[in-house]
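In what follows, a structure is listed as structure tokens, so that the remarks can point back to it.
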């Protein structure tokens, strides 16, 4: 699958932008480099590719510019000759026509979003994590290949995190600091505490009976106390009802007294205004305020009438006369003329300035006429040339200066050219000799660059060092040369598996010994507990059964004696024996009943003792013996396979592993030593071949050769001889070439200078013809160039003077007209107003305006006061009329009588409401309706002295009942406390529940631990299977990519066994030295991980068509050489599928094109101002 086009309509900060990848290239890599500055949109583009394939996530960070529901992406995709246009919206997918699609139409090969991101997305952080993963896994081949193929850069960290909980709970061969050990210790503590809890049944039953009796007595005393309290409350209600009834009679008496003095009856038409106390109170207050207001308004009306007369007199005095009205009518003209006074002064100053300007311009024009020798009677404007002509003449004069300068420079160049020496010979060129010498130089540089003598020396030193290391390792293993030849090593996987099994057997033996010791200790503890329970009177079931059998045998003996009619003495003896057995059996039963708890515990302990004794016998006799046999058998098998390098009497697993690792290293060193011997011989043969090649090249170049035999010449000596000879021959050839180039250069320079002189002379002739045409029939005709240059500045400066004089003359005329118009208007105004000056007019206008404003103010006051008097008069009449009407309705003659009647009515209504409230209180207390006629009977029926005496008696009895209840309650509390203190069943249940929770927790953690370990085994098996199926392909591709990335410093990647059953990855450098990944530099490990990812991509491409691979600035830490190598690897990946590289480094574009070619790298960029590379690039959609 590949992208042909990606359109970001509304996504991130993009709006209608297109990234056009074009059709699939033919014969070139499908590599696209997208360049843009920081914040240009590289990460947004990477997210857009993923979101288009798998859908926009529900919570997305790319909706900061466009609303969530408006996000839209569009793309054209191609897969296996199928070309599809798609549109991705926030909540659905559609085709290019807008029809909704239920699923993605192309094959995503079963990859989820996370799978695609890990396999086909790559950034700098992933590169660094992958390098660190290789280091932490110590170069494990399976992990390296699996993590690179799956895109899991931190596989080791993920595995450790997944196993952290399991290892903390249980880890073989470790017994300290484990959660399982702590939980087992907690369980043992809980069990011991449960064993110590004992329940005394008799004491418990006795205290429970005491508690029940105390509770019964407490309930009786409480019922007695509550009955007395109810009687007291009943008497208190009767007493309070009598008090309220007496208060009601007082209120009725006061109400009748008010009615006798006179109140507003309910038959009166105005009675509704005084129906309740609240309404009567509000009406009385309102009428009182209205009467007082009427009295106040009457006095205020008189004061306003006097004020109105004064304002009318003042208004008559402020009436304006005829002259004042004339001044006011001319107010606008006076103001305008006064404002123009300062402008008139400025106009006069401008007149003086304009006259000065005209005089200066006239003087300048006269000077110019004299300078140019023009007749005074001629008009200057008529003879001046136009502006266009002046500009053309200035341009021609500037051009003449340049043409003259070029002509002078060409003449000087031709004159100053040095001639060649007369004895300079013609030197012929020798191309065949130069070509042969170049080939000889190439051979020499290739030999020097390859450095075979140094490699041979290093290989010999390395061989000596390896042989010494073999000898040292053999001495450390106590092996001689004969032992080395006969040394055979077992398979590392077999030995590792058997050693692990041996460790597990020993661990199981240790655990079995601990279990036996623990069971023995528990048996002793339980036997001691049984003895303690027996001392406390506990009886087990076997003792009771034995006692019953003994009693039965005594009875059978006595019955047999009776049947046989034995003598009386024997019958007495058998009867006494039966009585003794019966008495013992009854005593035993009584003891068992009195200590039922201890007996039950004793029975449980005896059952557990029997079970644990059987378990202990099984552990000692069966499991321990079988495990010892297995250990002996496995020990013998291991000794038979490692006797060549390990002869200890007892196998130490760690020591054996170390010696086996040393033996493996020794074998590897032997193989390295043999390989280095072959490498030294191969280098010597290569050196002889290079000697012959260099001699042949020197012979073709015509260089004298040494007389010695080629087989006896050292390559480094021949290289030095060839370097000296070729340098001398090169110097001679360069000298001949320099002489030939000097001759050719002189002839070429002489011809160039002659051509320059001819072109300069022709340019001057053309200019002169054009100049004559321009000055014909003008002021300059007949002038020399010097005179024209002198006259042009004067002519250029006089035209602005003419324009300035014309403007000044027009302004003088305008100012004169303005001044004349103003003086005429002032004279006319003074004549109309008969005033001496304009200043006096302004003063009169100011006084007239003040008088007019005062007249207006007084008139407004007068109008406002008249309106207020009229309004107050109408309101006052209406208020007086309402009071008079009220007095008539209530039949009173004065305001004082009206207020007294209203006050009595208010008090009467208040008393009526209080009487009603009192009756309601009586009804609430008695629980039944009480009428006014029943109040007197309530007072007569209740005797206050009798009620008080009854209350005293009941209160005394209530105090005694409360004291008795408190004593009973205290007794119940003590009994309840005794029951709580003697009963620990709650604690026992808590311990049982806690023990169950701990067992469930242990089971759950054990299940999770088993699942984690099974998952680890499955993952390891999957990595082993993946390594077996893909190791050859991926390692071959990774080796090629790693060699390219390191510039040939490392030539091979090989897996080797580390002696512990683990296969590690080693890098072979150009000197055939193996280096573990822990010895590689950080940058080289990054390159190794990149090579593995490229190999995984190639392996994937062999099985199916890959999806687009996107890399985001993975070369941040690469220099230019490493970046060039990385682009070669990306180019190889692009031959198998589309590769997109995002970067903000401008120099990477040049490196990519230099390495892969301009036609093989398609450059795209995010901004329109970027340099245009080959390829489409980013563009805005037309019409967007």
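The values are calculated or read from the model by the stated rules, or taken from the named source; none is laboratory data. What you see is a predicted model; the values in this text were computed from it and never measured. Counting neighbours? That spans all protein chains shown, and the Cβs are built from the backbone with ideal geometry, glycine included.
Numerical summary
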read-out	value
Filter result (touching a residue at least 24 places away in the same chain (Cβ under 8 Å) and under 14 Å from residue 440 (Cβ atoms)) within segment 727-742	729, 730, 733
Some residue of segment 860-880 being within 28 Å of residue 326 (Cβ to Cβ), out of contact with any helix residue (DSSP H, G or I) (no Cβ under 8 Å at 6 or more places or on another chain) and assigned by TED's automatic domain parsing to the domain that holds residue 305	yes
Residue within segment 60-79 that is over 19 Å from the mean Cα position of the chain (by Cα), assigned to a helix (DSSP H, G or I) and over 23 Å from residue 1116 (Cα atoms) present	yes
Residue that is at pLDDT below 70 and surrounded by 12 or more Cβ atoms within 10 Å (Cβ to Cβ), where the choices are 211, 199, 229, 180	199
Sole residue being part of a helix (DSSP H, G or I), at pLDDT 75 or above and within 30 Å of residue 862 (Cβ to Cβ), chosen from 281, 304	304
Selection count where residues are assigned to a helix (DSSP H, G or I), free of Cβ contacts under 8 Å to residues at least 60 places away in the same chain and over 17 Å from residue 268 (Cβ atoms), scope segment 893-924	6
Every residue from segment 373-394 that is assigned to a helix (DSSP H, G or I), modelled with pLDDT of 65 or more and surrounded by 11 or more Cβ atoms within 10 Å (Cβ to Cβ)	389, 390, 391, 392, 393, 394
Test: residue 240 is assigned by TED's automatic domain parsing to the domain that holds residue 887 and surrounded by 12 or more Cβ atoms within 10 Å (Cβ to Cβ)	no
Residue in segment 456-477 that is over 30 Å from residue 608 (Cβ atoms), exposed (fewer than 14 other Cβ atoms within 10 Å of the Cβ) and either touching a strand residue (DSSP E or B) at 6+ places or on another chain (Cβ under 9 Å) or touching a residue at least 24 places away in the same chain (Cβ under 8 Å) (or both) present	yes
Considering residues of segment 818-852 that are touching a helix residue (DSSP H, G or I) at 6+ places or on another chain (Cβ under 8 Å) and part of a loop (DSSP other than H, G, I, E, B) only, the residue farthest from residue 345 (Cα to Cα)	835
Residue list for segment 1073-1114, filter: without any contact (Cβ under 8 Å) to a residue 40 or more places away in the chain and not in a helix (DSSP H, G or I)	1075, 1080, 1081
Evaluation of residue 694 against (1) surrounded by 18 or more Cβ atoms within 10 Å (Cβ to Cβ); (2) not in a helix (DSSP H, G or I) (one fails), failing number	(2)
